[in-house]
Structure formats: C-alpha cells, structure tokens
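The values are calculated or read from the model by the stated rules, or taken from the named source; none is laboratory data. Everything numeric in this text was worked out from a predicted model, so none of it was measured. Note: ideal-geometry Cβ built from the backbone for every residue, glycine included; neighbour counts use all protein chains shown. The area values use the complete protein model at the heavy-atom level, side chains included, leaving out ligands, DNA and RNA. Shrake-Rupley method; radii C 1.70, N 1.55, O 1.52, S 1.80 Å.
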Number of protein chains: 2
Amino acid sequence: MAEYTKVVLEESELPNRWYNIVPDLPSPPPPPLHPKTREPIGPDDLTPLFPMDLILQEVSQERFIDIPDEVLEVYKLWRPTPLYRARRLEKLLDTPAKIFYKYEGVSPAGSHKPNTSVPQAYYNAKAGAKKLTTETGAGQWGSALAFAGAQFGLEVEVWQVRSSYDQKPDRQRMMRVWGAEVHPSPSDVTEAGRQIHALDPDSPGSLGIAISEAVMRAAPDPDAKYALGSVLNHVLLHQTVIGEEALLQMKKVGETPDLLVGCTGGGSNFAGLSFPFLREKLAGNMNPTIRCVEPASCPSLTKGEYRYDFGDTIGMTPLVKMHTLGHDFIPDPIHAGGLRYHGMAPLVSHIYELGMLDAVAIHQNECFEAAVKFARTEGIVSAPEPTHAIAAMMREALRCRETGEEKTILTALCGHGHFDLSSYDAYLNGELVDYDLPEAKIADAMSRVPVI
Amino acid sequence: MAEYTKVVLEESELPNRWYNIVPDLPSPPPPPLHPKTREPIGPDDLTPLFPMDLILQEVSQERFIDIPDEVLEVYKLWRPTPLYRARRLEKLLDTPAKIFYKYEGVSPAGSHKPNTSVPQAYYNAKAGAKKLTTETGAGQWGSALAFAGAQFGLEVEVWQVRSSYDQKPDRQRMMRVWGAEVHPSPSDVTEAGRQIHALDPDSPGSLGIAISEAVMRAAPDPDAKYALGSVLNHVLLHQTVIGEEALLQMKKVGETPDLLVGCTGGGSNFAGLSFPFLREKLAGNMNPTIRCVEPASCPSLTKGEYRYDFGDTIGMTPLVKMHTLGHDFIPDPIHAGGLRYHGMAPLVSHIYELGMLDAVAIHQNECFEAAVKFARTEGIVSAPEPTHAIAAMMREALRCRETGEEKTILTALCGHGHFDLSSYDAYLNGELVDYDLPEAKIADAMSRVPVI
C-alpha cells in the first residue's frame, strides 16, 4: 500500500442503510415518560410534532433501516466523507500511534448535522408537511435544517438564541441564503417569546426559550412540524452513516481502531461514528476502547447522575433517563456551544451505564492548544466542539510516545470552525478562561430534578 | 453508468505534473520589461524576490513540470477535489444542458489559492528562505500562504488592506491560527506604510500599498522572499492541477465540455481549469468554447486595451503586456474583491488576443441571483468571485432550454463564501448596486498608461 493521506470512497460505496444499535444491546433503554402523567409515552403522544416515519424509527427494533433513495441523492452532495490519516500531525508529535480522523466538515452546512436534517426534511415532506420549525444556538443545526428544507421544498423557520444571533451574524445569513426565515429568540411572533419580552425586553435568550418558541409555532399548525438536531434515537440512527463509512474506510487500509474518541454534547456525532464500531466490538470483530469527550464545564457523563430528567430547561419535554446535570443547569460560556447541554442522549447514557464506553472531561485551553497544532499540520481549522476529540486523541498519542505503543486512534472531526474564529483569537490572545469544575452548581441544579 | 452526483479520484490518480501551455502556443507571449530601462527583464532581475526554481518556471519552455513529492504530500490534504454534476440545478432550470462544476472550496483555506501557495512555500524553503511576505485584500491569498508556510516551517508576514482587515476579522484570525503575522496596511512597520500614514492617518489602504509594503520588507532581507498569488506564469502553471484532474474526471464519465466558464480576476483560477482543456482543443481532441467571465465594473478583457502597463497601482513592478484598464484604475466596490484587478494575467491576455478565448462581463446582482439558486439546489454557498462563473453557466443552461441543445458545461467553482456572507445579505436585502459600465473612468486611467 502506497503512503495514503486520505481514504476516499466512491459514491457507489455510500452505505444504503442506517444502523440501529438498540436490538443489539443486552438490555433495552428505559422508556421516556410523559412529563405530566409520568407514564411511558407512546407514538401517538409525538404525532403533533413528528411524522410517523420518524416516530417509528424512534422506537424501532430493526437492526438496519434502509436509507431512502431521495435521501441518498442529497447525501451524495458531500458523502461519502473522507477519512484521513494524520501523518503530518503524527510527525509533529513524534508518536508511534496511527492517528485517523473522519471529517464531516465537507457538508454544505459544515458539520455532521445534515446527516439527520436531510432525512428529517424528507420524511416530513413525504408526510405532507409544508414547514419545519426548530431552535438553534450558534447556528450549526439551524443552517443544516435550512439547507435540507431547500432540498425538499419545505419552508424552514428557525428561532436562534438572540445572543448568538447578534454575535455571529454569518450563521443566520447562511440560513437565509438557503431560504429559511430566522428569528432572534425571544421573538415577538410567539406567545412564549412575547411573555419573556414583557418580563425582560433585553433578554439574551436561551436554547430552552427557543425550543418553546419553535414547538409552540409547530404544534397547533397541521402543516408544520418540529425538528430536533440531537439527543433523540432517530437522530442518532441517521448519524450512523458516519461510522458505517469509517468501518469501510478502515478496512480498506487494513486498520482497526484501538481507541475511538468523539466529543459529546447531545451525543449524536459521537453515536454516529461509534455505534457501528460498537456493533463490531459486540460481535467480537474488534476491541476498541470507545471514549466520550466532554467539556470540563459541562461534564454530564463524568459528573452528572443517571436518572429521569427533562430534556429542556423549562420542563415541557418528556422525561428521559440520562446522565444529567439538572435541567436548569446553565454551563459556563465556553466556546463549544454545541457541548453546552445539561444532559446526554438517553441511548448514549444507557450504553455508558452498561459499561461499554468511557468518558473524560477536558478544559477548553487544552482543546484549543491541540486544535492549533492540528490546524498547522493537517490544515483543517476545527469547530470548537471537536477540538475536545482532538485533545483527547492527542493525549493518547503522546502517551504512546512514552510507552512506545503503536495504537490506532480514530477521531470524530465533526465540523469546521469557519464561523468560530473568534474563539481561536481568544485562545491565541491568552484570553480563554478554564472554568472551575461546576460541582456546587451541579448540586444546586440537581436539587430541582423531579424524583421518579 | 449509475446516476452519479460527483466524480471522485483516488489519491493515486492525483496528477504528478503541471502543464505549461507556453510551448504549445502558436506564438510566445511578449516579454515583461524592466520598469525603468524598458528592456526585457532576465531571471537575475527577479532573484531578490523569488527563488530560482520559481523564476525558471516563470520562463520555462517545458510542456510539463514534475510536481515535487513534498508538494504532492500537502496537496493530498484536499486533492484530488471533486467534480460535480449539478443534477439538482439542472432540474430546477429545466434544462437539457449537462452542468458540471469543479469545486476547489474543499482546500483548508477554502479556495484554489493553496494550489500555488504550497509549491511557492516549498521552493522557497528549499532555497533556504526563512520568511515569506505577501499582500492580501479580502484574505483568500493571505490565508492560503499562511497555511502553506505552516507546512514547510516558514514564517509568513502578511499585509492586509486595512478596510478588509477591519471589516472581515475572521480572515486575519484564520491566518493567525496557521501562525502568520498579519499587519493592517498601511502599517507602521515599513517605510512605505509610514509615508502613507503621515499623509493620511485614516487611510483605508489599497492592494497597491500592501504590495509595496510586502516587497519592501522582503527585498533587502536575504532570509525573506516575496510571494504573489496570481497573474504570474508560475502561478498559472501551479493551478493547472485543477484542469488536469477535471480532464480525468470528465473522461471517467465519458463527457467532453462544449463550454468551459471561469471567472477572471488575475486569471489564475481560470487558467488552472482551462489550459489543460485548451491543450486538448489545440490537439484536436475536443472543441469547447472557453469563456472568461469578468465583473461589469472591472471589465479588463471586454473593455480594456492590450498593451504594456504596470502590474501594480504605483508603477514599481515590471511592465507586462496585458489587457488593462490603466494601472491606477480603481474599480467600484463590488463584493467580488478578488476580481477587482485592473489588468489580466499576461498569459491569459496573450491567448485571448490569439482568439482562443471569449469573454463576457456580468453585473453582480445577476451573479448573486444565480448563486442563491445554486446554493438552494447544490448546497454550496459560493464565494463572490465564482458567482460570475455560475451566472455565465446559468445563462447558457437557460439558452439551452430555449434551443433544446444538450450542451455540456464545465464551471470553475474556485471557492466557498463562508467569509463573504454579508454580500449575500446585501443581495437578499436588495441593497446590492449594479454600477454603470466605467467607460469614462477607464479612459481617464488609460491616459496615464506609459506609451511603449
């Protein structure tokens, strides 16, 4: 084999089914509960918000689900994505480790999010929806849904947390290029937004408020549905196309990972790369360590409790069993906005609880230091979220330099940082804060988690 | 052949030589002249600024020049780049035309510029340089050189036109991530900058001033060289890797272009895609129309004169024979900053004069209208410069809808617009100005072009 830098797949090798890990697990994940009755919710509870195809995927027991041709056609605008061998970084680190990274930043929206926004838009359009609503923070998810809506003739209406809307105007501009309508949240177009405005005309907004606005807009409108960019089973399912491709690519070059690292916010990027490898591990075909990497200021897996809690800040959503820091826990303002979530995808939490994953929490200065080394050797300027995966990968590569181990490390590089350069600027100027571990704040927020 | 969306190449198919069109032309391009003696300049005149390998490429009569392994290794971080069939756009336009586009936005810096910054950095490092200096406007070239410098251990010092430096901070941040030092120009670190500052403390700068600063910094320092991102023969040479790949890709799917369109600023992106196809046309293997697309407010080919003029605004550079609007012509402030150049690459001008190319000039509203349609179907948000190529491609596709012709159109999509979203915003808000054709301004500037 000649010295390769990246492993590319032909379009004909694009996986044509998603992998559902649930039936392969030794026990099923606990069911979500209705926020009022506290009874397990059924498909009918979800129909005001989601089309039936997605609800059925949410509860599916099938191991594999075919990717519709219409979705594959859109995936081909950027998929299969490249798998890289980080030879230039290995040289810089002088490590015997073999470092691989799977790069999702080549999608039109610049991250892994379109892997699920596209099928969500497709199934909604198929079910007759005319409009999708959603919330977005920094804007990765909102732009992914705007792009997907344009592909299937759906209107897209996005509520973006006002502080991000004002600070990062390029993300909302991008959504508008794809035809979406974008509101700063709180907005004056929903009752929830107007109520917040009445209390605080200068409210910077929050993801919790934006969710309320998007849900309130969709629920009563028979032509509108709501879309969520992480956490749910069907979102994780759609992301497994990443791992299925990476399996093929590693096989092509005759490598199997000893360690797989991915950042975890809601958990969908991590699940997308790791679940297919977990399947192979369960089948005895390989034995990688699979590691979640979370920010030290929002350490749901390493410092949270595994119990039922709300998915949102204000307690509107179903109760789900997950690692949580408390539903009203507000993380310190680190630059990796996509990792500032109080909980973890219930499926990732369940698998972690089963002992099949490990987790580390890393401060942001270490992450950006690693990401700058990465950019200067591999070229790619990473989004703030996957700098956590890069930092964990680099820890292991440097450990291998000490021990001489030739470990193979596979890294989830889920997006580029073209809209996040101010965070690099802060790092290079020495202005980036490493917040203390939020132990007291967690204890406080946990005191308000319902006892089930 | 199944329905493909993009045509990918393996790394093993990456071209390993650049194509030099000069020996294939029916007559040689006129030589550059010394700005003072007005005699043809020789290699020795250029040694204070460029290493000998690049000077020899500048005057080479070899048809093919091997790409060094060290350059190929860096190219592999993003090359080969994808060739797309724009099936979703074809459907929207309801055209029988087959639309292809070659996408260079997958490079770390987001454009075609690293195709030449990488070999320029390599040859300079090989010759013992420790530092490269350059100027940049919007920042595409500066960031490409910053990336390349990091790959070969070279310091990079960039003078960025102050108005862009202030308005688009993300580009300078990106350069700093890759380790470059960036000055707003005029700066206080060169005599040229200090002189301008003394006259006008609030000067917004210009590319001409920034060139002066970068050249003045490099010329007297034996460890520093200067790098230019377009116009010169060796720059065009390096870009031919684009067209060589596209030839392979078109062949793979059994297509030959009837029309090739690319935007022309300095000419390097256009030359990069078109020269290899021009070779095949000269050899009788295909017969495409090859079209330059320029902005209506800076129409060097369609409205300029073919004569000797300076490459820079203030008359420091050699005199080169090219289509020029006058070296002190200042184009209206369209968003496609990379196309705001008063002249054209001498090699492109010479070939245009030989009747082997045609040219059109397009106003920016038509360009952005086309680019928004493109983004909503193909996903990619294009840089302002290649929106001109998209608009010309779309004109032809719509013409084909009228005539029923099944023309094959190949489009040079030289970069993404992630740092240019304010221009889309202006278009969507109806704020984009289509400036009048600058006839009087051209006549005025031409009156100051030296008579040779």
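Computed from phi, the 3J(HN,Hα) profile of region B:46-56 under the Karplus parametrisation 6.51, -1.76, 1.60 (θ = phi - 60°) reads 9, 5, x, 9, 10, x, 4, 4, 6, 5, 5 Hz, with x in place of Gly and Pro.
Shown for B:V451: label points 7 Å from Cα along the beta-carbon vector, and their distances to the equivalent points in the other copies, 10.0 nm in ascending order. Estimated from the Cβ-Cβ distance and a Förster radius of 30 angstrom, the FRET efficiency linking A:E406 and A:L282 is about 0.75.
The listed residues A:H335, A:H238, B:H197, once ranked by accessible area (1.4 Å probe) with the largest placed first, stand as A:H335, B:H197, A:H238. Our summary gives region B:132-279 a relative contact order of 22 percent, counting only alpha carbon pairs under 8 angstrom and 6 or more residues apart. Taken about its Cα centre, chain A carries a charge dipole of roughly 640 debye when the Cβ of each Lys and Arg holds +1 and the Cβ of each Asp and Glu holds -1.
Plugging the Kirkwood radius over Cα pairs into Stokes-Einstein for the protein assembly as shown, at a temperature of 4 °C and a viscosity of 1.567 mPa s, what D comes out in µm²/s? It diffuses with D of about 46 µm²/s by this estimate.
Take A:R340: with every protein chain present and a 1.4 Å probe, its accessible area is about 80 Å².
Taken across both chains, chains A and B shield about 3900 Å² of accessible surface from a 1.4 Å probe. Between this copy and the others, label points of A:P68 are 5.3 nm apart in ascending order, each placed 7 angstrom from Cα in the Cβ direction. If the segment from B:N16 to B:E439 were pulled out straight at 0.36 nm per residue, it would be longer than the present Cα-Cα gap by 147.8 nm. Cα-based values for region A:262-359, radius of gyration first and Dmax second, are 13.5, 44 Å. Where q = 0.09, 0.14 Å⁻¹, what log10 of I(q)/I(0) comes from the Debye formula for region B:314-452, counting one point per Cα? Per q value, in the given order, log10 I(q)/I(0) is -0.34, -0.80.
Counting only other chain Cβ atoms within 10 Å of each residue's Cβ, the peptide B:175-187 averages 2. Look at the stretch B:74-82: the mean tally of other chain Cβ atoms within 10 Å of its residues' Cβ atoms is 4. Treating each Cα of region B:36-170 as an identical point scatterer and summing with the Debye formula, the log10 of I(q)/I(0) at q = 0.11, 0.18, 0.22 Å⁻¹ comes to -0.56, -1.08, -1.29. Among B:430-443, A:180-193, sorting by the average number of other beta carbon atoms lying within 10 angstrom of each residue, highest first, gives A:180-193, B:430-443.
Amide hydrogen proximity for B:G415: with H placed 1.01 Å from N in the peptide plane, the residues at 5 or more positions away or on another chain lying under 5 Å are B:E104, B:G105, B:A383.
Any idea how far the Cα center of region A:379-439 sits from the one of region B:111-161, in Å? After rounding, the separation between the Cα centres reads 25 Å. The HN-Hα couplings worked out from phi for region B:360-371 by the Karplus form 6.51 cos²θ - 1.76 cosθ + 1.60 (θ = phi - 60°) are 9, 10, 10, 6, 6, 5, 4, 5, 6, 4, 5, 5 Hz, whole numbers, x standing for Gly and Pro. For region B:360-434, the share of accessible area belonging to carbon and sulfur comes to 43 percent (1.4 Å probe, ligands and nucleic acids excluded). All Cα-Cα distances of chain A, cut into 10 Å bins from zero to the largest, leave 4, 22, 34, 28, 10, 2, 0 percent in each bin in turn. Once the Cβ-Cβ distance of B:E181 and B:A127 is raised to the sixth power relative to R0 = 22 Å, the FRET efficiency obtained is 0.55. Out of all DSSP beta bridges in the protein assembly as shown, what portion is antiparallel? Express it as a percent rounded to 5. Percentage antiparallel, nearest 5: 35.
Compared with the dominant Cα axis of chain B, that is its longest principal axis, helix B:114-126 is turned about 40°.
What does the charge count near B:S187 come to, summing +1 for each Lys or Arg and -1 for each Asp or Glu among other residues with Cβ under 12 Å from its Cβ? Neighbour charge sum, excluding B:S187 itself: -3. Here B:K252 and B:R194 are evaluated by their C-beta separation; at R0 = 45 Å the FRET efficiency comes out at 0.20. Can you tell me the relative contact order of chain B? Whole percent, Cα pairs under 8 Å, sequence separation 6 or more. It rounds to 18 percent for chain B. Over chain B, dividing the summed -39,500 (n - 2.57) contributions of all DSSP H runs of at least 4 residues by the number of residues returns a 222 nm mean residue ellipticity of -12000 deg cm²/dmol. DSSP beta bridges confined to region A:57-203 are antiparallel in about 20 percent of cases. For region B:150-206, the orientation-averaged shadow of the C-alpha convex hull comes to 4.1 nm² (one quarter of the hull surface).
In terms of Cα atoms, the Rg and Dmax of region A:66-116 work out to 14.8, 45 Å. Annotation for A:A219 and A:E62: the two label points, set 7 Å from Cα along the Cα-Cβ direction, are 3.1 nm apart.
Dipole magnitude for region A:320-413: about 120 debye, using +1 per Lys or Arg Cβ and -1 per Asp or Glu Cβ, origin at the Cα centre. Other residues within the sphere of radius under 12 Å centred on the Cβ of A:S423, judged by their own Cβ, net out at -3 (K and R +1, D and E -1). Considering the rotation that superimposes chain B on chain A, the residue of B whose beta-carbon lies nearest the axis, and that distance in Å, is B:H418, 2. Taking every Cα-Cα distance in region B:279-319 and sorting them into 5 Å bins starting at zero, the pair-distance distribution P(r) comes out as 5, 17, 12, 16, 16, 15, 11, 6, 2 percent.
Considering only Cα-Cα distances, which of the following residue pairs are longer than 31 Å: B:K131/B:K373; A:K373/B:K131; A:K407/B:K6; A:K98/A:K168; A:K36/A:K225?
B:K131/B:K373; A:K407/B:K6; A:K98/A:K168
Between A:M322 and A:R307, A:Y308, A:D309, the built amide H atoms are under 5 Å apart, and every one of these is 5 or more places off in sequence or on another chain.
Distance between the pseudo-spin-label points of A:L428 and A:S447 (7 Å out from Cα toward the beta carbon): 4.5 nm. Debye-formula intensities of region B:113-185, expressed as log10 I(q)/I(0) at q = 0.12, 0.18, 0.22, 0.26 Å⁻¹, are -0.26, -0.57, -0.82, -1.08 (one equal scatterer per alpha-carbon, no solvent). Here A:T47 yields copy-to-copy label distances, from shortest upward, of 8.4 nm, the label point defined as 7 Å from Cα along Cα to C-beta. Neighbours of B:G338, meaning other residues whose beta-carbon lies under 11 angstrom from its beta-carbon, give a summed charge of 0 when Lys and Arg score +1 and Asp and Glu score -1.
Largest first, the residues A:D444, B:D309, A:D170 sort by 1.4 Å accessible area into A:D444, A:D170, B:D309.
Protection proxy ranking of A:58-70, A:33-45, by the mean of other Cβ atoms within 10 Å over each peptide's residues and highest first, is A:58-70, A:33-45.
Look at the stretch B:363-376: the mean tally of other chain Cβ atoms within 10 Å of its residues' Cβ atoms is 2.
How large is the charge dipole for the protein assembly as shown, taken about the Cα centre, if only the Cβ atoms of Lys, Arg (+1) and Asp, Glu (-1) carry charge, to the nearest 20 debye?
1040 debye
Ranked by the mean number of other Cβ atoms within 10 Å of their residues, highest first, the peptides A:411-417, B:11-17, B:289-295 come out as A:411-417, B:289-295, B:11-17.
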